[in-house]
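Asks: Here's a structure for you.
The values are calculated or read from the model by the stated rules, or taken from the named source; none is laboratory data. Since we're looking at a predicted model, the values are computed, not measured. Reconstructed Cβ throughout: ideal geometry from the backbone, glycine too, with neighbour counts over all protein chains shown.
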């Protein structure tokens, strides 16, 4: 499907620029051109399709649905799926999480959304398909949604509402009646220009992260020795997955920026589950996210949330390594 992009990258780097194919620079630049074009094309197509989904699934309606229906536990799954189809990183998910809390949605359900949203989205899926294939992408998406569902359900069982910040408690105590949401009745043709603009805005918003991430990945691909990452994370020892998570938590990046990096990890000998654990920790748990969450959570609640999510990420890394 993308052979023409590879031919173009080969022609541009090796023929037009005359860089040797077996040189570090040639290998790195070829990787950069090929992956950038492929990922941006996939990115726009999948974001456009998800824009159609989002156009018919307004956030306000979802909040009302989760708030009034008896779903026998499926509300955690639905919130997790909604997190997966929204193109937010961990920090941009927090304002929507606050809106869920303000809307009176149970805390565990809001956690299911918060866990899944940065881990799985159309940006990550588009890049994952292009880099690791359909099977790995399906397992990755399913594990992210499952992690959010189980994590949200577990956190909901802890009755953590008393650990919310005083700011949120005051809002919940004095919650005013929300006005009823009125959705404009638009045909698909009328929605299409706005969906297209929305997809383009999302792509523009992440394109810098994509390019930076691919550039880092290209540099690593061209210049880092084959056994560098394999030496520390590729031996298959039990501690490599927890180590990858611990290394990833202090960092911050969105999925678009970090997936090209983990592609190189895998190419250099790191098991895919270990690399995925690093990615999930980087995009799903970060210092900036903790800072934003301080607005709605006590430090104790943040620590509980980070601890449970880190545990599930480590478990997912082990499971992914076992499956693949």
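Asks: Looking at the range 57-64, is at least one residue at pLDDT 90 or above, more than 20 Å from residue 195 (Cα to Cα) and surrounded by 15 or more Cβ atoms within 10 Å (Cβ to Cβ)?
Replies: No; the residues of the range 57-64 include none that is at pLDDT 90 or above, more than 20 Å from residue 195 (Cα to Cα) and surrounded by 15 or more Cβ atoms within 10 Å (Cβ to Cβ).
Asks: If you don't mind, there's one more thing I want to ask. How about the range 70-92: which of its residues are at pLDDT below 75 and crowded, with 24+ Cβ neighbours inside 10 Å?
Replies: Answer for the range 70-92, where residues must be at pLDDT below 75 and crowded, with 24+ Cβ neighbours inside 10 Å: 87, 89, 90.
Asks: What helices (runs of 4 or more DSSP H) lie completely within the range 219-324 and have 2 or more residues being modelled with pLDDT under 80, farther than 30 Å from residue 20 by Cα and over 18 Å from the mean Cα position of the chain (by Cα)?
Replies: 228-233
Asks: Can you tell me how many residues within the range 156-213 are modelled with pLDDT of 80 or more, within 30 Å of residue 265 (Cα to Cα) and touching a helix residue (DSSP H, G or I) at 6+ places or on another chain (Cβ under 7 Å)?
Replies: 1
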